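For reference, the structure is listed below as structure tokens.
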Amino acid sequence: MGRMRREATNALSGQALGQGPAGFVAGGEEVTVVFEHPPSPPIRSTVIEVAYAPRPRRDSADDEIVRRLADDSEPGAVRVVTSDLWLADRVRAAGATVEPAAPFRALIEDA
């Protein structure tokens, strides 16, 4: 199986992110969380990438996720965690798959 990466928007709390999605990282998946602007206080993690849109504005994190997919040589290996229907449509059009945020959040918070 090719590399797998999950990109999410604000579906996760800072506390859950700080704990890290251990099950996915242990399984060899890269995890990236994309925010509209740098979180305050900053979120630091050794197991996930915390990213943010270059210009904060409405839907800018969504735009950043779609931009990253367009730049990815294997967008089909990417799963995006979101419950935003508009973002989900854009992600699928870019060739990636979508997973609803609630089950992913439950896995993180139970870890």
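Can you pull out the residues in region 85-100 that are in contact (Cβ under 8 Å) with a residue 60 or more places away in the chain and surrounded by fewer than 19 Cβ atoms within 10 Å (Cβ to Cβ)? Correct list: GLU99 only. Considering region 38-65, and only residues there that are of a type in the set (Val, Ile, Thr) and surrounded by fewer than 19 Cβ atoms within 10 Å (Cβ to Cβ), the residue that is farthest from ARG105 (Cα to Cα) turns out to be THR46.
Residues that are within 23 Å of ASP89 (Cβ to Cβ) and not in a strand (DSSP E or B) within region 41-53 comprise just one, ALA53.
Checking each residue in region 55-71 for being charged (D, E, K, R) and farther than 12 Å from VAL91 by Cα picks out ARG55, ARG57, ARG58, ASP59, ASP71.
Just so you know, all these numbers are worked out from the coordinates, no wet-lab data involved. Just so it is clear, the model here is predicted, and its values are computed rather than measured. Because the Cβ atoms are built from the backbone with ideal geometry, glycine has one as well, and the counts that use them run over all protein chains shown.
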